[in-house]
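What follows is a single structure, written as C-alpha coordinates, with notes after it.
The values are calculated or read from the model by the stated rules, or taken from the named source; none is laboratory data. Keep in mind that this is a model prediction, so the values were computed, not measured. All Cβ positions, glycine included, derive from the backbone under ideal geometry; neighbour counts span all protein chains shown. For the accessible areas, the whole protein counts, side chains as well, though only heavy atoms, and no ligand, DNA or RNA atoms are used. Shrake-Rupley method; radii C 1.70, N 1.55, O 1.52, S 1.80 Å.
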Amino acid sequence: ADRGPLTGQRILVTAGPTHEPIDPVRYIANRSSGKQGFAIAGALARLGAEVTLVAGPVTLPTPPGVTRIDVETAREMAAAVEQALPADAAIMVAAVADWHVDATAIKIKKQPGAAPPTLALVQNPDILAGLSRSAKRPRLVIGFAAETNDVIAHARAKLAAKGCDWIVANDVSGPTGQSVMGGDANSVHLVTAQGVEDWPHLPKQAVAERLAQRIAASLAQSLLE
Ligand code: C5P
(Lines give C-alpha, C1' and ligand atoms only; values in the text may rest on other atoms or scores of the structure.)
Protein backbone atom coordinates (compact mmCIF):
# COMPACT_ATOMS: atom_id res chain seq x y z
CA ALA A 1 0.00 0.00 0.00
CA ASP A 2 3.04 2.27 0.50
CA ARG A 3 3.24 3.03 -3.21
CA GLY A 4 -0.52 3.34 -3.75
CA PRO A 5 -2.13 6.30 -5.52
CA LEU A 6 -3.21 7.84 -2.19
CA THR A 7 0.26 7.77 -0.59
CA GLY A 8 0.78 10.98 1.39
CA GLN A 9 -2.93 11.89 1.40
CA ARG A 10 -4.66 12.38 4.77
CA ILE A 11 -8.26 11.23 4.68
CA LEU A 12 -10.89 11.50 7.37
CA VAL A 13 -13.83 9.07 7.49
CA THR A 14 -16.79 9.06 9.89
CA ALA A 15 -18.82 5.88 10.33
CA GLY A 16 -21.47 4.19 12.43
CA PRO A 17 -24.34 5.57 14.46
CA THR A 18 -24.17 7.95 17.37
CA HIS A 19 -25.67 7.26 20.78
CA GLU A 20 -27.39 10.15 22.48
CA PRO A 21 -27.84 9.58 26.23
CA ILE A 22 -31.22 10.07 27.86
CA ASP A 23 -29.81 9.47 31.31
CA PRO A 24 -26.77 7.49 32.54
CA VAL A 25 -28.29 4.13 31.55
CA ARG A 26 -30.41 4.86 28.45
CA TYR A 27 -29.76 6.25 25.00
CA ILE A 28 -31.27 7.00 21.58
CA ALA A 29 -29.56 5.21 18.68
CA ASN A 30 -30.14 4.25 15.04
CA ARG A 31 -29.66 1.16 12.87
CA SER A 32 -26.37 2.13 11.19
CA SER A 33 -23.93 -0.82 11.34
CA GLY A 34 -20.82 1.13 10.33
CA LYS A 35 -20.02 -1.51 7.67
CA GLN A 36 -19.96 0.86 4.67
CA GLY A 37 -17.81 3.48 6.38
CA PHE A 38 -15.36 0.90 7.77
CA ALA A 39 -15.07 -0.68 4.31
CA ILE A 40 -14.32 2.76 2.80
CA ALA A 41 -11.66 3.48 5.45
CA GLY A 42 -10.02 0.11 4.71
CA ALA A 43 -10.13 0.61 0.92
CA LEU A 44 -8.54 4.07 1.23
CA ALA A 45 -5.77 2.68 3.46
CA ARG A 46 -5.06 -0.09 0.93
CA LEU A 47 -4.49 2.64 -1.69
CA GLY A 48 -1.88 4.17 0.62
CA ALA A 49 -3.87 6.95 2.36
CA GLU A 50 -3.26 7.98 5.96
CA VAL A 51 -6.79 7.32 7.22
CA THR A 52 -8.39 8.58 10.44
CA LEU A 53 -11.67 6.80 11.14
CA VAL A 54 -13.96 8.53 13.64
CA ALA A 55 -16.30 5.73 14.66
CA GLY A 56 -19.55 5.76 16.58
CA PRO A 57 -20.41 2.78 18.81
CA VAL A 58 -20.01 -0.36 16.65
CA THR A 59 -18.33 -3.71 17.27
CA LEU A 60 -16.48 -3.92 13.93
CA PRO A 61 -12.71 -4.58 13.81
CA THR A 62 -10.48 -1.66 12.79
CA PRO A 63 -9.33 -2.07 9.17
CA PRO A 64 -5.55 -2.64 8.83
CA GLY A 65 -3.50 0.54 8.72
CA VAL A 66 -6.36 2.79 9.88
CA THR A 67 -6.16 5.12 12.91
CA ARG A 68 -9.46 4.80 14.78
CA ILE A 69 -11.01 7.26 17.21
CA ASP A 70 -14.08 5.96 19.04
CA VAL A 71 -16.83 8.38 20.01
CA GLU A 72 -20.33 8.02 21.33
CA THR A 73 -22.32 11.20 20.70
CA ALA A 74 -22.67 13.57 17.75
CA ARG A 75 -20.99 16.32 19.74
CA GLU A 76 -18.02 14.03 20.48
CA MET A 77 -17.88 13.12 16.77
CA ALA A 78 -17.83 16.80 15.80
CA ALA A 79 -14.95 17.45 18.21
CA ALA A 80 -12.97 14.41 16.96
CA VAL A 81 -13.43 15.53 13.34
CA GLU A 82 -12.15 19.00 14.22
CA GLN A 83 -9.14 17.42 15.98
CA ALA A 84 -8.34 15.24 12.94
CA LEU A 85 -7.91 18.24 10.59
CA PRO A 86 -6.24 19.17 8.34
CA ALA A 87 -7.16 16.52 5.78
CA ASP A 88 -7.06 16.26 2.00
CA ALA A 89 -10.46 14.57 1.84
CA ALA A 90 -13.34 13.78 4.19
CA ILE A 91 -15.99 11.11 3.70
CA MET A 92 -18.83 11.49 6.16
CA VAL A 93 -20.57 8.13 6.26
CA ALA A 94 -21.79 8.24 9.87
CA ALA A 95 -25.51 8.26 10.61
CA VAL A 96 -25.30 11.21 12.99
CA ALA A 97 -28.26 11.80 15.28
CA ASP A 98 -30.05 15.03 14.40
CA TRP A 99 -30.84 15.76 18.05
CA HIS A 100 -29.55 15.04 21.50
CA VAL A 101 -31.62 14.80 24.63
CA ASP A 102 -31.49 17.65 27.06
CA ALA A 103 -30.38 14.94 29.47
CA THR A 104 -30.49 14.66 33.22
CA ALA A 105 -27.47 13.48 35.15
CA ILE A 106 -29.49 11.01 37.20
CA LYS A 107 -31.53 8.01 36.12
CA ILE A 108 -35.15 8.82 35.33
CA LYS A 109 -37.37 6.92 37.80
CA LYS A 110 -40.87 5.56 37.30
CA GLN A 111 -43.13 7.35 39.75
CA PRO A 112 -46.34 5.52 40.67
CA GLY A 113 -49.27 7.49 39.31
CA ALA A 114 -47.10 10.17 37.71
CA ALA A 115 -47.27 11.15 34.02
CA PRO A 116 -44.53 9.64 31.80
CA PRO A 117 -41.48 11.88 31.41
CA THR A 118 -41.08 13.93 28.23
CA LEU A 119 -37.78 14.17 26.38
CA ALA A 120 -36.69 17.64 25.33
CA LEU A 121 -34.53 17.45 22.18
CA VAL A 122 -31.79 19.88 21.20
CA GLN A 123 -30.36 20.05 17.66
CA ASN A 124 -26.91 18.53 17.10
CA PRO A 125 -24.22 20.26 15.04
CA ASP A 126 -24.24 19.24 11.35
CA ILE A 127 -20.68 17.95 11.08
CA LEU A 128 -20.68 17.67 7.28
CA ALA A 129 -22.15 21.14 6.67
CA GLY A 130 -19.79 22.65 9.24
CA LEU A 131 -16.74 21.04 7.65
CA SER A 132 -17.77 22.08 4.14
CA ARG A 133 -17.88 25.71 5.24
CA SER A 134 -14.89 25.69 7.55
CA ALA A 135 -11.61 27.50 6.84
CA LYS A 136 -9.94 24.07 7.09
CA ARG A 137 -12.19 22.52 4.43
CA PRO A 138 -10.58 19.45 2.83
CA ARG A 139 -10.19 19.64 -0.98
CA LEU A 140 -12.77 16.90 -1.42
CA VAL A 141 -15.77 16.59 0.92
CA ILE A 142 -18.20 13.71 0.44
CA GLY A 143 -21.52 13.16 2.19
CA PHE A 144 -23.89 10.21 2.27
CA ALA A 145 -27.66 10.29 2.02
CA ALA A 146 -30.13 7.54 2.84
CA GLU A 147 -33.42 8.24 1.11
CA THR A 148 -36.64 6.33 0.63
CA ASN A 149 -38.13 8.42 -2.22
CA ASP A 150 -37.02 10.93 -4.86
CA VAL A 151 -33.50 9.78 -4.12
CA ILE A 152 -31.73 11.87 -6.77
CA ALA A 153 -33.70 15.09 -6.18
CA HIS A 154 -33.07 14.86 -2.45
CA ALA A 155 -29.38 14.11 -3.02
CA ARG A 156 -29.01 17.15 -5.31
CA ALA A 157 -30.68 19.34 -2.70
CA LYS A 158 -28.41 17.88 -0.03
CA LEU A 159 -25.30 18.59 -2.12
CA ALA A 160 -26.24 22.28 -2.14
CA ALA A 161 -27.48 22.45 1.45
CA LYS A 162 -24.38 20.77 2.89
CA GLY A 163 -21.89 22.51 0.59
CA CYS A 164 -20.06 19.24 -0.15
CA ASP A 165 -18.59 18.06 -3.47
CA TRP A 166 -20.25 14.67 -3.85
CA ILE A 167 -23.21 12.91 -2.31
CA VAL A 168 -23.34 9.13 -2.29
CA ALA A 169 -27.08 8.46 -2.19
CA ASN A 170 -28.54 5.12 -1.26
CA ASP A 171 -32.08 4.01 -1.68
CA VAL A 172 -33.22 2.52 1.60
CA SER A 173 -36.84 2.00 0.54
CA GLY A 174 -38.50 -1.33 -0.07
CA PRO A 175 -37.18 -4.86 0.25
CA THR A 176 -33.56 -4.12 -0.79
CA GLY A 177 -33.46 -1.00 1.35
CA GLN A 178 -34.40 -2.93 4.43
CA SER A 179 -31.20 -4.90 3.97
CA VAL A 180 -28.99 -1.83 3.35
CA MET A 181 -28.80 -0.80 7.01
CA GLY A 182 -26.88 -3.65 8.60
CA GLY A 183 -26.68 -5.65 5.37
CA ASP A 184 -23.65 -6.38 3.20
CA ALA A 185 -24.72 -4.80 -0.09
CA ASN A 186 -25.71 -1.36 -1.26
CA SER A 187 -27.31 0.34 -4.30
CA VAL A 188 -25.85 3.82 -4.65
CA HIS A 189 -25.93 6.82 -6.93
CA LEU A 190 -22.94 9.14 -7.07
CA VAL A 191 -24.28 12.70 -7.30
CA THR A 192 -21.84 15.49 -8.21
CA ALA A 193 -22.03 18.90 -9.88
CA GLN A 194 -21.21 17.05 -13.12
CA GLY A 195 -24.19 14.72 -12.94
CA VAL A 196 -25.47 11.43 -11.55
CA GLU A 197 -23.95 7.97 -11.87
CA ASP A 198 -26.10 4.97 -11.00
CA TRP A 199 -23.92 2.17 -9.67
CA PRO A 200 -25.09 -1.43 -9.77
CA HIS A 201 -26.18 -3.26 -6.61
CA LEU A 202 -22.80 -4.18 -5.12
CA PRO A 203 -21.32 -5.60 -1.93
CA LYS A 204 -20.36 -2.76 0.45
CA GLN A 205 -16.70 -3.77 -0.01
CA ALA A 206 -17.03 -3.24 -3.78
CA VAL A 207 -18.78 0.13 -3.30
CA ALA A 208 -15.90 1.09 -1.00
CA GLU A 209 -13.23 0.06 -3.52
CA ARG A 210 -14.92 1.86 -6.37
CA LEU A 211 -15.35 5.02 -4.29
CA ALA A 212 -11.72 4.87 -3.11
CA GLN A 213 -10.54 4.69 -6.74
CA ARG A 214 -12.71 7.69 -7.61
CA ILE A 215 -11.34 9.64 -4.65
CA ALA A 216 -7.76 8.83 -5.73
CA ALA A 217 -8.50 10.06 -9.27
CA SER A 218 -10.15 13.25 -8.00
CA LEU A 219 -7.33 14.11 -5.57
CA ALA A 220 -4.73 13.47 -8.27
CA GLN A 221 -6.67 15.78 -10.60
CA SER A 222 -7.06 18.54 -7.98
CA LEU A 223 -3.30 18.57 -7.39
CA LEU A 224 -2.86 19.52 -11.05
CA GLU A 225 -5.35 22.38 -10.92
O1 C5P B 1 -29.01 15.59 6.70
P2 C5P B 1 -28.70 14.15 6.61
O3 C5P B 1 -28.51 13.49 7.94
O4 C5P B 1 -29.60 13.36 5.72
O5 C5P B 1 -27.29 14.14 5.88
C6 C5P B 1 -26.52 12.97 5.80
C7 C5P B 1 -25.07 13.34 5.64
O8 C5P B 1 -24.71 14.37 6.54
C9 C5P B 1 -24.14 12.20 5.97
O10 C5P B 1 -22.97 12.34 5.20
C11 C5P B 1 -23.88 12.40 7.45
O12 C5P B 1 -22.68 11.79 7.85
C13 C5P B 1 -23.81 13.90 7.53
N14 C5P B 1 -24.27 14.47 8.82
C15 C5P B 1 -23.35 15.05 9.68
N16 C5P B 1 -23.77 15.62 10.86
C17 C5P B 1 -25.08 15.63 11.18
C18 C5P B 1 -26.02 15.05 10.32
C19 C5P B 1 -25.59 14.47 9.16
O20 C5P B 1 -22.14 15.04 9.37
N21 C5P B 1 -25.46 16.17 12.34
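Would you mind telling me which residue in 197, 20, 72 has the biggest mean-square fluctuation in a Gaussian network model of the chain, where springs connect alpha carbons within a distance under 10 angstrom?
197
Tell me, what ³J(HN,Hα) does each residue in the stretch 154-162 have, in order and in whole Hz, if you take phi through Karplus 6.51 cos²θ - 1.76 cosθ + 1.60 with θ = phi - 60° and put x for Gly and Pro?
Each residue of the stretch 154-162 in turn: 5, 5, 4, 4, 5, 4, 6, 5, 8 Hz.
Multiply the residue separation of residue 135 and residue 79 by 0.36 nm, subtract the distance between their alpha-carbon atoms, and state the gained length in nm to one decimal. Please list the in-between numbers first.
Details: separation 56, 0.36 × 56 = 20.16 nm, distance 1.55 nm.
Extending this stretch completely gives an extra 18.6 nm.
Need one word for the stretch 92-184: rounded, prolate or oblate. Basis is the Cα gyration tensor (sqrt eigenvalues a ≥ b ≥ c); a/c below 1.5 gives rounded, then a/b vs b/c decides. Display every interim value, and only then the final one.
Values: a/c = 2.94, a/b = 1.58, b/c = 1.86.
Since a/c reaches 1.5 but b/c is at least a/b, the shape of the stretch 92-184 is classed as oblate.
If you plug each phi of the stretch 190-201 into the Karplus form 6.51 cos²θ - 1.76 cosθ + 1.60 with θ = phi - 60°, what whole-Hz ³J(HN,Hα) values come out, in order, with x for Gly and Pro?
Once θ is set to phi - 60°, the couplings for the stretch 190-201 become 9, 10, 10, 4, 7, x, 10, 10, 8, 8, x, 4 Hz.
When the Cα centres of the stretch 34-69 and the stretch 197-211 are compared, how far apart do they sit, in Å?
When both Cα centres are located, 17 Å separates them.
Express in Å², to the nearest 10, the accessible area of residue 209 obtained by rolling a 1.4 Å probe over the protein heavy atoms while all chains stay in place.
That residue has around 90 Å² of solvent-accessible surface.
Considering only 112, 138, 57, give the residue with the highest GNM mean-square fluctuation for the chain, with springs between Cα atoms whenever their separation is below 10 Å.
Highest fluctuation among the options: 112.
Heavy atoms of the protein only, probe of 1.4 Å, neighbouring chains included. What is the accessible area of residue 121 in Å², nearest 10?
Number for this one is 90 Å².
Rg/Rh for the chain to two decimals, with Rh computed the Kirkwood way over all alpha-carbon pairs.
Values: Rg = 18.2 Å, Rh = 18.2 Å.
Ratio of gyration radius to Kirkwood radius: 1.00.
When the chain is modelled as a GNM with alpha-carbon springs shorter than 10 Å, which of 214, 139, 75 fluctuates the most?
214
If I take R0 = 35 Å and measure r between the Cβ atoms of residue 70 and residue 221 in this structure, what FRET efficiency does the formula 1/(1 + (r/R0)^6) give, to the nearest 0.05?
Values: r = 33 Å, r/R0 = 0.95.
The computed FRET efficiency comes out at 0.55.
Picking from 117, 69, 92, whose Cα lies most toward the positive end of the charge dipole for the stretch 63-207 (charges on Cβ: Lys, Arg +1; Asp, Glu -1)?
Farthest towards the positive pole: 117.
How much accessible surface does residue 144 have with a 1.4 Å probe, in Å² rounded to 10?
Number for this one is 40 Å².
Please report the relative contact order for the stretch 1-146, taking Cα pairs under 8 Å with a sequence separation of at least 6, and give it as a percent rounded to a whole number.
Details: 312 pairs, mean separation 41.1, N = 146.
In percent, rounded to a whole number, it is 28.
Where only protein heavy atoms count, and the probe is 1.4 Å, what is the accessible area per residue for the chain in Å²? Please report the intermediate quantities before stating the final value.
Numbers: 11490 Å² over 225 residues.
For the chain, the solvent-accessible area averages 51 Å² per residue.
When the Karplus curve 6.51 cos²θ - 1.76 cosθ + 1.60 is applied with θ = phi - 60°, which whole-Hz ³J(HN,Hα) does each residue of the stretch 76-93 get, with x for Gly and Pro?
So the Karplus estimates, Gly and Pro as x, are 5, 5, 4, 5, 5, 5, 4, 4, 7, 7, x, 9, 7, 8, 9, 10, 9, 9 Hz.
Take the solvent-accessible surface of the protein heavy atoms, probe 1.4 Å, and return the percent of it on the chain that carbon and sulfur atoms account for. List each step's numbers first, then the result.
Numbers: 6220 of 11490 Å².
Answer for the chain: carbon and sulfur cover 54 percent of the accessible area.
Which far-off residues, 5 or more places away or on another chain, put their amide H under 5 Å from the one on residue 30, with H placed in the peptide plane?
Distant-sequence amide H within range of residue 30: 18.
Based on the Cβ-Cβ distance of residue 118 and residue 185, what FRET efficiency does E = 1/(1 + (r/R0)^6) give at R0 = 25 Å, to the nearest 0.05? Let's see the in-between values first.
Details: r = 39 Å, r/R0 = 1.58.
Efficiency at R0 = 25 Å is approximately 0.05.
Rounded to the nearest 20 debye, what is the charge dipole size of the stretch 152-225 about its Cα centre when +1 sits on each Lys and Arg Cβ and -1 on each Asp and Glu Cβ?
Numbers: 6 positive and 7 negative charges, 33 e Å.
The dipole of the stretch 152-225 has a size of about 160 debye.
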